[in-house]
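The structure under discussion appears below in the form of structure tokens.
What follows is calculated from the coordinates using simple rules that are stated; it is not laboratory data. For clarity, every value in this text was computed on a predicted model and none was experimentally measured. Note: ideal-geometry Cβ built from the backbone for every residue, glycine included; neighbour counts use all protein chains shown.
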Amino acid sequence: MTFTSSHLLGLEGLSRAELEYLLDSAESFREISDREIKKVPTLRGKTVVALFFEASTRTRTSFEIAAKRLSADFVSISAESSSVTKGETLLDTARNIAAMQPDCLVVRHPRAGAPHFLARYVPCPVINAGDGAHEHPTQALLDLLTIRNKRGRIAGLEVAIVGDILHSRVTRSNVHALRTMGARVRLIGPPTLLPPAMAAWGDVYYDLKSGLRGVDVVMMLRLQRERQGANFMPSLDEYSRYYCLTREALASASPDAIVLHPGPINRGIEISSEVADGHASVILDQVFNGVAVRMSILYLLSGRHRAVAEERRVG
Amino acid sequence: MSQAGALLITGGTVIDPVNDRTGPFDVLVRDGRIVAVEAPGRIEAAADRVDAAGCWVTPGLIDMHVHLREPGYEYKETVATGTLSAVAGGFTAVACMANTKPVNDSAAVTEFILDRARIAGLARVHPIGALSVNLAGRELAEIGEMFEAGIVAISDDGMPVADGSLMRRALEYAQIFDIPVIVHEEDPQLAGDGVMHEGGTCHHLGLRGMPAAAEEAMLARDLALLQQTGGRLHVAHISTAGSIRLLREAKLRGLMVTAEVTPHHFALTDDAVRDYDTNAKMKPPLRQQSDVDVVIEALRDGIIDAIATDHAPHHRDEKDVEFDAAAFGIVGLETSLPLALKLVREADLDPVTLVRAMSVNPARILGLEAGSLAVGMPADITVIDPNHAWTVDLEGLRSKSKNSPFGGWPMVGAARMTIVGGRILWPREGEK
């Protein structure tokens, strides 16, 4: 089994075999980050362009390190510095970047579907680094890799995702991947951030402690502070009163449960410091695995692009 | 082009619900009016013959909800291109909404639109005046002045009337002129910055939803007002099962309420938004199958009075963008009839009901001298070939804009001929 798509726009629709292949491939890249000289020549001469229409430090840096460890040239463009602020359309941005012949495009955009739109117009592979409230596939892959490493498997695990489910692209990618891999998903959050239609994705709980009962994995979501102005909750204080992962709340999970968070964390709002820094937390393992996942995806997609380009030349 | 001479339409099946006439008849037209409708072969007259064998001969189709974009947005559509699109789709008349630039909230703009229509010389154009000045939802527009210039209804379509007391006054005041108040039912707060129907698909795609309740809550308000004020309320593009329930109940109580549905709301569901197709983005949004089923049933029952397209041309630059950034609305004049005929074939819609929904009822609601093939009526006639198979080619649309989700769809049925005031305006010479 291999991974045959030309882009990584989302995890929805990927088969279990494809996901396993992606995880195995990422696993093989982990070791490079532990070497003294953390660089291989695999993508030498390739250009990876990161197009970030939304602020991000962690994801962009992770992609940059991943690209550089593979010896690719990495160019990062952020919305603030780009012509977007001068009124250029996404279509024109796409055409211009395509004309510069990148080998891979990494896109973060506040609008759902924007990477899909770009993928229709650029000739190179597109990696979705987060599109609105839609998907964030490399985040979910690094979550799954972390879970697999820590718990030895994914199938059969009970996984609780907690927080702002409605606006979370991390949730969507994880729900698709976890369910495909055979895990059971629970969704926990206030009804304002967890509409009834989402019950199709997992068991819904409005109460944190009962939702966490016996789970093997707790996946906390970052709460965007601007949600409180829109009446999704009366205040951050009241949110944390009911949905903050404290040591006490975590006690209802399985004794060997692990805690994930995509970061950056709001200490004391969705997660207490004791939990974030405690023995159950695998948050920094996630960050470590993120580089391996992104190296693997860059390798698989840019490598394919080269093969296709060479075929075209020969043909 | 045949000037208003004599035309004899022979061999077709007449469907004329107002005069309770369905079957083989010949129709004679002279000087722009219908002068005889008789059993086949009975009419002896010197006239150009139109062979309608295998076709339906119906009162001219009327699309009571279009946006012609002129004045102000001529890059999207003009009165000339919009009315060409209309006749190509079988429509002899259209009613156009007021959201032009400047807004049609004065006699001057109404007269301008009617002038452009006269110059174009294609489908008849019936302007709809703004309900409020500049569609701002604050004070009533000068409805009487516009009525004298030729408007047939008032509406702030596209800009829901959030202020209940303004809606009340509009319903009261419009009774002087006996014209309907046409409402775009959408609670602006509930709809928020949603871009599609709120349901499973929007959560899947990570797009913001507009709940069905945004339409239903506003309709409930307006029906309660109508009960109090009297007058006539016409519900534009009704789209949810809950709205149909409210409409059905209001009609049972005898309220003077009518409603239209668009072809896209009975032909598509929110599933069409998958892949972020911006040509599936409109207001109200495409709903779920359970809504579509109820809408079709209500159309069959006559609870929904009319089929109207909400023809909303947009330039490709306004659609070829991210889904969130795309304009709301699609063109519809050239795909409406075949989509309605699809219901005749697949959902037991009676052809007589189709003619009521696409001609008789729009004429009745707007008070037009149309919708009937009675002797003496203006000769606005559509000859429909219900079996003509074709494929929608967006670039071939006569509308200036091509924003339709039906590109590439195989269709069965089309207007063979569109006759307005006794003149054959479709097909044009050299076309079809």
Kirkwood-based shape ratio for the stretch B:357-412, expressed as Rg/Rh from alpha carbons: 1.10
Under 17 Å Cα-Cα from residue A:39, which aspartates and glutamates qualify once same-chain neighbours fewer than 8 residues away are excluded? A:27, A:31, A:64, A:73
Provide the packing ranking of B:59-72, A:232-245, i.e. peptides ordered by the mean count of other C-beta atoms within 10 Å per residue, highest first. B:59-72, A:232-245
Between rounded, prolate and oblate, where does chain A land on the alpha carbon gyration tensor, with a ≥ b ≥ c its root eigenvalues, rounded for a/c under 1.5, else prolate if a/b exceeds b/c? prolate
Relative contact order as a percentage, the stretch B:200-291, C-alpha pairs under 8 Å and 6+ apart, gives 29 percent
Simple spin-label estimate for residue A:88 and residue B:145 in nanometres, 7 Å along Cα-Cβ: 4.8 nm
Say R0 is 35 Å: what FRET efficiency, to the nearest 0.05, do residue B:275 and residue B:251 get from their beta-carbon distance? 0.35
For B:258, A:192, what ranking results if the residue with the fewest other Cβ atoms within 10 Å of its Cβ goes first? A:192, B:258
Taking only Cα atoms, what is the 0 to 90° angle, nearest 10, from helix B:241-252's long axis to the longest principal axis of chain B? 70 degrees
Can you tell me what share of the DSSP beta bridges in chain B is antiparallel? A percent to the nearest 5 is fine. 50 percent
Sort B:357-368, A:260-271 for me by packing, meaning the mean count of neighbouring Cβ atoms within 10 Å per residue, highest on top. B:357-368, A:260-271
Distance from the Cα centre of the stretch A:118-141 to that of the stretch B:380-432, in angstrom? 40 Å
Roughly how crowded by other chains is peptide A:192-205, in terms of the mean Cβ count from those chains within 10 Å of each of its Cβ atoms? 2
Sorted by Cβ neighbour density within 10 Å, fewest at the top, the residues B:81, B:335, A:47, A:2: A:2, A:47, B:81, B:335
If the chain between residue A:61 and residue A:179 were fully stretched, how many nm would it gain, using 0.36 nm times the residue separation less the Cα-Cα distance? 39.6 nm
Taking every DSSP beta bridge with both residues inside the protein assembly as shown, roughly what % is antiparallel (nearest 5)? 35 percent
Taking beta carbons within 10 Å but only from partner chains, what does the mean come to for residues A:108-115? 5
Listed with the fewest Cβ neighbours within 10 Å leading, A:58, A:30, A:111 appear as A:58, A:30, A:111
Could you please state, rounded to a whole Å, how far the C-alpha centre of the stretch B:316-350 is from the C-alpha centre of the stretch A:167-198? 33 Å
Nitroxide proxy distance, nm - points 7 Å out along Cα→Cβ at residue B:429 and residue A:267: 8.4 nm
Hey, with R₀ at 51 Å, roughly what FRET efficiency would residue A:16 and residue B:213 work out to, going by the Cβ-Cβ distance, to 0.05? 0.85
Unsatisfied cross-links (Cα-Cα over 22 Å) in the set B:283/B:319; B:319/B:342; B:283/B:402: B:319/B:342
Quick check: pseudo-label points 7 Å beyond the Cα along Cα→Cβ at residue A:207 and residue B:6, how many nm apart are they? 8.7 nm
Once normalised by the length of chain A, the mean sequence separation of its alpha carbon contacts under 8 Å that are 6 or more apart gives a contact order in percent of 20 percent
How many Cβ atoms of partner chains, on average, are near each residue of B:196-205 if near means within 10 Å of its Cβ? 5
Three-way shape label, the stretch A:1-88, alpha-carbon gyration tensor, a/c 1.5: oblate
Give me the distance between the Cα centres of the stretch B:247-287 and the stretch B:202-228, rounded to whole Å. 11 Å
Would you work out if the stretch A:86-224 is rounded, prolate or oblate? Take a ≥ b ≥ c from the square roots of the eigenvalues of the alpha-carbon gyration tensor; rounded if a/c is under 1.5, else prolate when a/b is larger than b/c, oblate otherwise. prolate
Please compute the contact order of the stretch A:175-311 in relative form: average sequence separation of alpha-carbon pairs under 8 Å and at least six residues apart, divided by the residue count, as a percent. 20 percent
Other-chain or far-sequence residues with amide H under 5 Å of residue A:129's (modelled H): A:107, A:108
